[in-house]
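The values are calculated or read from the model by the stated rules, or taken from the named source; none is laboratory data. All of these numbers come straight from a predicted model, not from anything done at the bench. All Cβ positions, even for glycine, are placed from backbone atoms using ideal geometry, and neighbour counts span all protein chains on display. Note: accessible area is taken over every heavy atom of the protein model, side chains too, but ligands, DNA and RNA are not part of it. Shrake-Rupley method; radii C 1.70, N 1.55, O 1.52, S 1.80 Å.
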Amino acid sequence: TWTQNPRQAGPGPRPLSDVKVDLERNSHTLRTEFTHGGVEDTLSGTIGFEGLYEDQESKGPGGFTPGGQVENLALFGLGRMAADPWTFEAGLRYDHRSQKADPSQTKRAGLPVPGAKLENDFDVLTASLGAIYQMSENLALAGNVNRGFRAPSLFELYADGVHGGVEAVQQGSSDLDEETSLGGDFQVRWRSE
């Protein structure tokens, strides 16, 4: 996939005739999956690779986030095993994410803020595990536990200035770590006509 995101990011309202692109981000994603259809309807799975490359240019003199690049490489696997009345599901994903502020792609002087760390790398392992118990034809119990992550964006790492959309001063921190989450759920499922 390819996505282009041009936006006005400078401070203060402007007449429509004066709107210029302050920030332009191009995002390219490649995802490949290999799926195993199943052994006698009991075992199936998917393994895959995902690559992301984003290039951001801060074109406006009033912009408050620098240009830069984001690269993310991920390997993942998902599996499902059915052993009546149980079904088990598991997933595992490894991400390596590199984010770099690029002063040469930033029109406004002083961005990124002097002294900011210009490159951040994140290496994170996430996983999920679930089980379903089919109590009867209509009733099933299910539970899942999972660990997720989100890396801070270029904006969260390097923003410095007034956000025109909310008229608030926003400052990033180039020392942020990735956010992780641990979640779970339990379900009672009923299916009938």
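Values for this structure:
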read-out	value
Complete set of residues in region 152-173 that are in contact with a Pro (Cβ under 9 Å, 6 or more places away or on another chain) and either within 18 Å of Asn72 (Cβ to Cβ) or β-branched (Val, Ile, Thr) (or both)	Leu154, Leu157, Tyr158, Val162
Test for Ser27: is it in contact with a Gly (Cβ under 6 Å, 6 or more places away or on another chain) and surrounded by fewer than 17 Cβ atoms within 10 Å (Cβ to Cβ)	no
Matching option when the condition is open to solvent by less than 70 Å² (accessible area, probe 1.4 Å), under 22 Å from Leu52 (Cα atoms) and modelled with pLDDT of 95 or more, among Gly143, Gly148	Gly148
Of all residues in region 141-163 being aliphatic (A, V, I, L, M) and either in contact with a helix residue (DSSP H, G or I) (Cβ under 9 Å, 6 or more places away or on another chain) or not in a helix (DSSP H, G or I) (or both), the one that is farthest from Phe122 (Cα to Cα)	Leu141
Pair list, Cβ under 7 Å, 6 or more apart: region 168-193 residue within 30 Å of Met135 (Cα to Cα), other residue assigned to a loop (DSSP other than H, G, I, E, B)	Trp190/Asn138; Arg191/Asn138; Ser192/Asn138
Selection from region 109-127 of residues that are of a type outside the set (A, V, I, L, M, F, W, C), open to solvent by less than 50 Å² (accessible area, probe 1.4 Å) and out of contact with any Leu (no Cβ under 7 Å at 6 or more places or on another chain)	Gly110, Thr126
Residues within region 49-79 that are over 14 Å from the mean Cα position of the chain (by Cα) and farther than 30 Å from Val39 by Cα, tallied	15
